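Data block below; observations after.
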Amino acid sequence: MDQLLSGSVAVITGGSSGNGRAIARTFAEEGADIVVADIRDAPREGGTPTHEVIAAETGSEATFVKCDVTETDDLEASVEAAEEFGGVDIMINNAGIFRGENFLEVSEDDYDQLMDINVKGVFFGAQAAAKRMVANGGGSIINLSSVAGLEGTGEYVTYCTSKGAVRLMTYALADALGSEGIRVNSIHPGVIETMMTTDDVEIVGTEEGEMYEQMIPSQRFGTPQDVANAALFLASDLADYVNGESLVLDGGLTNTG
């Protein structure tokens, strides 16, 4: 069976851990060479660095570039690293953080940090990739948003603001870049079993989390592989006519809850 991404090169921010790690490994298994762009190469969940796993276990090439997505020079360097493999075809803007402070207690520093990573990082990551994609005749940009970018939640005002910005940015970029052969789509995960939901927010594995899980029509939380599979579809030629789309990945909760 032909590999879905054979001959492609993907840059993945936040590619060392969680969803980004799963995307990187899945893309490599489907024939893409990978640039893992992250603040650290060691996975948060432990284990061998993602780029080393790819090199050892797949037929694809991989490299790691230290990247703070709040620094535009780092984003440019990450995309530039893809030239080693032939140039970027797929950009996954995955890096992000979560904050859940009471709105009345959010500081300016808290706000700025979250927006710098979750919004600025996506914007300039897309820009860095698009400049090269325009020259190369097209590509696919996938932005990781959240169901929090679709529905407002009073507990997470700042986070919802950032992820809503990513959703509308995706629509605007699809319009701006479509004529250049560049497709831009977003993925909106619900609760995914990563360090963010087990340690940072502590949803998965708690009594409250179990109650929430029962509200999901699919009766389970998502996995990083679920996210990787969605990204694979959007990045591949199977989604050649999918542009400006928000793919909700929450087991059906948003539309039924």
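Below, the figures for the structure above:
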item: Space enclosed by the convex hull of the alpha-carbon atoms of the chain, per residue, Å³; result: 124 Å³
item: Selection from LEU249, ALA42, ASN118, by position along the positive dipole direction of the chain (Cβ); result: LEU249
item: Length released on extending from MET195 to GLU57, taking residue separation times 0.36 nm less the Cα-Cα span; result: 47.3 nm
item: Net charge over other residues, Cβ less than 14 angstrom from the Cβ of SER218 (K, R count +1; D, E count -1); result: -3
item: Two-site label geometry, GLN214 and ARG44: point separation in nm, points 7 Å out along Cα→Cβ; result: 2.8 nm
item: Acute angle (nearest 10 degrees) that the helix 18-29 long axis makes with the longest principal axis of the chain, alpha-carbon atoms; result: 30 degrees
item: Note, ³J(HN,Hα) from phi for the range 32-48, Karplus 6.51, -1.76, 1.60, rounded to Hz, x at Gly and Pro; result: 8, 7, 10, 10, 8, 10, 8, 6, 8, 8, 6, x, 4, 7, x, x, 6
item: Helical contribution to [θ] at 222 nm, DSSP H n ≥ 4, -39,500 (n - 2.57), averaged over the chain, rounded to 500; result: -12000 deg cm²/dmol
item: Three semi-axes of the equivalent ellipsoid, the range 1-136, Cα gyration tensor, whole Å, largest first; result: 27, 17, 12
item: Dmax and Rg, reported as Rg then Dmax, of the range 133-239 (C-alpha, Å); result: 16.1, 52
item: Residue order, fewest to most beta carbons within 10 Å, for LYS120, LYS131, LYS163; result: LYS131, LYS120, LYS163
item: Cα long-axis angle, helix 72-81 against the chain (0 to 90 degrees, to the nearest 10); result: 50 degrees
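All of the numbers you see were taken from the coordinates with simple rules; none came from a lab. Remember, predicted model here, so these are calculated numbers, not experimental data. Using ideal geometry, Cβ is built from the backbone for each residue, glycine included, and neighbour counts are taken over all protein chains shown.
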